[in-house]
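Trainee: Have a look at the structure that comes next, please.
What follows is calculated from the coordinates using simple rules that are stated; it is not laboratory data. Note that the structure is predicted; figures quoted are calculated from it, not measured. In this analysis, Cβ positions are derived from the backbone assuming ideal geometry, glycine residues included, and neighbour counts consider all displayed protein chains.
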Amino acid sequence: MDTNSVEYRGFQIVVTPIKDHEDLWDFQYHISKSGDPAATSIGHSISRRQTFGGYETAAIACDAGIEVAKIEIDNHIALSAK
């Protein structure tokens with residue numbers, strides 16, 4: 001299965017498409033601090049999985065997973081800045 005990996009604001013995002021029910025695609029993603037796969041700004045890596053909704057292709061699911069992970073990173077950065 002293909003995975004997409006991008007770096008965003010000092011974090012590494014790895015998204016894997018997963019086949020859901022009704023032949024649609026969803027995703028799971030893993031966020032880690034770049035250079036340290038076991039740590040983020042909150043002290044540990046983050047993994048999440050979306051298993052509702054669904055996308056027509058694996059590529060679209062990966063793109064969606066990257067966008068969701070970027071939002072989560074932005075939220076962590078904003079909360080840690082306070």
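Trainee: Taking the mean number of other Cβ atoms within 10 Å as a proxy for protection, how do you rank 4-15, 23-34 from highest to lowest?
Mentor: Details: 4-15: 16.4, 23-34: 18.2.
Result, highest mean first: 23-34, 4-15.
Trainee: So how far apart, in nm, are the two label points at Val6 and Asp74 if each is 7 Å from Cα heading toward Cβ?
Mentor: Those two pseudo-labels are separated by 1.2 nm.
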